[in-house]
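What follows is a short report on a single structure.
Just so it is clear, none of the values below were taken in a lab; they were calculated from the coordinates. As the structure is a prediction and not an experimental result, all values here were calculated from the model. Because the Cβ atoms are built from the backbone with ideal geometry, glycine has one as well, and the counts that use them run over all protein chains shown.
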Amino acid sequence: MGEVHSLKLRNDRAELARMMTWIEQLVGPLKLPPQTTYAVQLCLEEAVVNIISYAFEPDTEHDVKIGIWRDGRTVFAEIIDDGRPFDPLSQETPRRAADLKSAHVGGLGITLMHNFATNIGYRRSGGTNRLTLSFAA
Amino acid sequence: MNLGVEPIATGIVKVILNGRLDITGAGVIDLQFSAIAGSHRGVIVDLASVSFLASIGIRTLLLGAKAVQRRGGTFVLLNPVGEVEKVLEVTGVTDLMPIYHNSDEALAAVTA
């Protein structure tokens, strides 16, 4: 297993831009192919936005910690927060809408994570949520 | 992220998006995009220069398409590339609005 690269974000949507830049900077060190970079950025945006939006009491400051590392042909990303228990794997993915009129706007983040990560694991321990995503590289 | 507007005819417009349609990018263009969708009956959204699309950007597109359709208009996507097209496919957006890879066909669809 290679070196773990880590980043700490505040629970603020404005922090997402910093996270994206950080992932771009890992492309060289982790030798990420473009499709892997896309998948990592997409899944981390979806997961972190969910956490920032739903995990915490309003007007409280929290950290969201992210680690990324590579082991052979797999890239791993781990997201840790101390918010309320939330297992994204327990969320139902929305059914595909039959037409535009009946289509719901939202809830697609989980669908995207299932399609762009090769594996997703969730663990609750010691008051923290720990989400681990794997990607082919 | 930026948004360019190319008028085609009265009430018909091509919107050229350029950049990353993520949380940060959608925040930049959302207001202008929804104002355009709310005031045109034909909208082509050119995605050729959109290098990244996340669920927040799909929200932008869906809300725009709904606004145009509600008034009996036509909203189409043009030239999504690579992983952006995969995002549209796996989220089912490809079933909800026409997607063209040819400018003339997109034009014909919104001017019909």
- Message: Within 15 Å, Cβ to Cβ, of residue A:128, how many net charges do the neighbouring residues add up to if Lys/Arg are +1 and Asp/Glu are -1?
- Response: +1
- So in the protein assembly as shown, what percent of DSSP beta bridges are antiparallel if you round to the nearest 5? 70 percent
- Message: Hydropathy at least -0.5 by Kyte-Doolittle, axial extent at least 24 angstrom from the Cα trace: which helices of chain A, defined as entire DSSP H runs, fit?
- Response: A:34-54
- Note on the structure: Nearest-0.05 FRET efficiency for residue B:39 and residue A:122 at R0 = 30 Å, using Cβ-Cβ distance, is 0.10
- Message: Give me log10 I(q)/I(0) at q = 0.09 Å⁻¹ for the protein assembly as shown, Debye formula, one equal scatterer per alpha-carbon, no solvent.
- Response: -0.41
- Task: Between the alpha-carbon centers of the range A:1-50 and the range A:54-107, tell me the distance in whole angstrom.
- Result: 14 Å
- Between the Cα axis of helix B:23-37 and the main Cα principal axis of chain B, the angle (0 to 90°, nearest 10) is 10 degrees
- Task: Compute the signed sum of charges (Lys and Arg +1, Asp and Glu -1) over the other residues within less than 13 Å, Cβ to Cβ, of residue B:44.
- Result: -2
- Query: Taking only the alpha-carbon positions of chain B and ignoring solvent, what does the Debye formula give for the base-10 log of I(q)/I(0) at q = 0.12, 0.13, 0.17 Å⁻¹?
  - Reply: -0.34, -0.40, -0.71
- Task: Enumerate by residue number the GluC sites (Glu not before Pro) in the range A:41-124 meeting two conditions: DSSP loop (anything except H, G, I, E, B), and at most 11 other Cβ atoms within 10 Å of the site's Cβ.
- Result: A:61, A:92
- Query: Of all DSSP beta bridges located in the range A:1-117, what percent are antiparallel, nearest 5?
  - Reply: 100 percent
- Query: How big is the charge dipole of the protein assembly as shown about its Cα centre, in debye rounded to the nearest 20, if each Lys and Arg gets +1 on its Cβ and each Asp and Glu gets -1 on its Cβ?
  - Reply: 300 debye
- Message: So, R0 is 35 Å and r is the distance between the beta-carbons of residue A:1 and residue B:112; what FRET efficiency does that work out to, to 0.05?
- Response: 0.05
- Considering only Cα-Cα distances, which of the following residue pairs are longer than 26 Å: A:101/B:86; A:65/B:86; A:8/B:86; A:31/B:14; A:8/B:66? A:65/B:86; A:8/B:86; A:31/B:14; A:8/B:66
- Query: Roughly what % of DSSP beta bridges within chain B run antiparallel, to the nearest 5?
  - Reply: 30 percent
- Task: Please give the direction-averaged projected area of the C-alpha convex hull for the range A:1-81, in square nanometres with one decimal.
- Result: 4.9 nm²
- Note on the structure: Mean projected area, convex hull of alpha-carbon positions in chain A, reported to one decimal in nm², is 9.1 nm²
- Task: Report the normalised scattering of the range B:5-67 as log10 I(q)/I(0) at q = 0.20, 0.24, 0.26 Å⁻¹, calculated by the Debye formula with identical scatterers on the alpha carbons.
- Result: -0.72, -1.02, -1.16
- Query: Summing Lys, Arg as +1 and Asp, Glu as -1, what charge do residues with Cβ under 13 Å from the Cβ of residue B:84 carry, residue B:84 excluded?
  - Reply: -3
